[in-house]
1. Provide the net charge surrounding Met41, with neighbours chosen by a C-beta distance below 14 Å and charges set as Lys +1, Arg +1, Asp -1, Glu -1.
2. Using alpha carbons only, what's the Rg to Rh ratio of the range 117-182 with Rh from Kirkwood?
3. Scattering from the C-alpha atoms of the chain alone, worked out with Debye: what is log10 I(q)/I(0) at q = 0.11 1/Å?
4. Determine the equivalent ellipsoid of the range 129-252 by diagonalising the alpha-carbon gyration tensor, then write out the semi-axes as square roots of 5 times the eigenvalues, largest first, rounded to whole Å.
5. Find how much the distance from Lys220 to Asn26 grows on full extension, using 0.36 nm per residue of separation minus their present alpha carbon separation; answer in nm with one decimal.
6. Rounded to whole Å and sorted largest first, what semi-axes of the equivalent ellipsoid does the C-alpha gyration tensor of the range 194-242 yield via the square root of 5 times each eigenvalue?
7. How tilted is helix 337-365 with respect to the longest principal axis of the chain? Cα atoms for both, answer in degrees (0 to 90, nearest 10).
8. Give the Rg/Rh ratio for the range 204-282, taking Rg as the radius of gyration of the Cα atoms and Rh as the Kirkwood radius, to two decimals.
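Readers should treat all values here as calculations from the given coordinates under stated rules, not as data from a laboratory. No experiment lies behind these values; they were computed from the predicted model shown. So basically every Cβ, Gly included, is an ideal-geometry build from the backbone, and we count neighbours across all protein chains shown.
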Amino acid sequence: MIRRFFILCSGADRDLLESCSSGEQNKYAGIGATVFFTALMAFLAAGYALFTVFDNLWAALGFGLVWGLLIFNLDRYIVSTMRKRDGFGRELLQAAPRIFLAVIIAVVISKPLELKIFEKEIDQVLLERKNQLTLDNQTQLAEQFNPAIAEKQAEITALKQEIADKQATTDALYDTYIAEAEGREGTLLLGKGPVYKEKREKHDASLAELQALRTENQTKIAGVEAEIADLEAGYTTAVTESQPVIDRFDGLMARIDALGTLPWFPSFFIFLLFLAVETAPILVKLMTPKGPYDMKLEDEETAVQSWVQQKVDQRFKLADTDRVLNEKIYAEIAEEEAVYAYKKQKAESLMRLQAARFHDLHARNL
């Protein structure tokens, strides 16, 4: 049962192959098994590749099944249409386009499985790239928000400096009127005289201005700090919203690119493995000698070809013979007087009728 299934996969004529030996049937069963398992690998590879793209199991299985059937049908067609010839060079020339196609199929099949085999190494490369992308994203967003935050912080510094300058002025006035009262500066008179009162009034006025300035500037500082908090919250929100995009940076193209950064020899070895599997049916057909099945198949095909060629030749010969006979018959008829007289009589009758018709037509017009 299994052998019959693999023979079906090989594309061989089962009725014709059953008349051959068991060894010949086993050979084509082996070719069919290679075709089947190649298609199975194509199904797994395509399914995994689509699962990494869409992250949907059923869609991946559906597309993988379609791709596997496509590869199965293509390989089966390639093997079944190859014919054993008398010369290896002619067979190789016939198989060259099919080998080129097998190379393309091997690349397509092997790449998704390489991604699965080297998944851990690829995940490590993607993790490093995601971390770098996160840092780059934070730096780019900071370049958008930092100038505005720095400007607001400069405003706060200016407001605080204004308070500090006013505080210094007030403190200087305080020291001045205290020194006047103690007789250390100014009039150098001990006690609270008119000059002391004047300086005290200046200090009190400056102190009142300081209190008003501090209250006003504190309100402004609170407003600017609120704006800074909004900017920092906007920066945090932008980083949070953009992070999922970076976290999803593990699609098929990203993984293939990450695979390209790994050492090339293991990937090349896997490609060679799949290339050997894909070209195995073709190489087997090329390397095996012409067997009984090939001879019987050639006999059937040449028999049909000979029969069709014979029918075509007979048809052309029949047409040539009929042409020669017609020429001879019409040549003999042309020499008979009776046929000539009959033809002349009919022509004269036709000319009389035409002349009468022409006369009647012109007579009516006149």
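1. Its environment carries a net charge of -1.
2. Checking Rg against Rh, the ratio lands at 1.61.
3. So the normalised log intensities are -0.98.
4. 57, 12, 7
5. Extra length from Lys220 to Asn26 when fully extended: 60.5 nm.
6. 46, 6, 4
7. The two axes meet at around 60 degrees.
8. Across the range 204-282, the Cα-based Rg/Rh ratio is 1.66.
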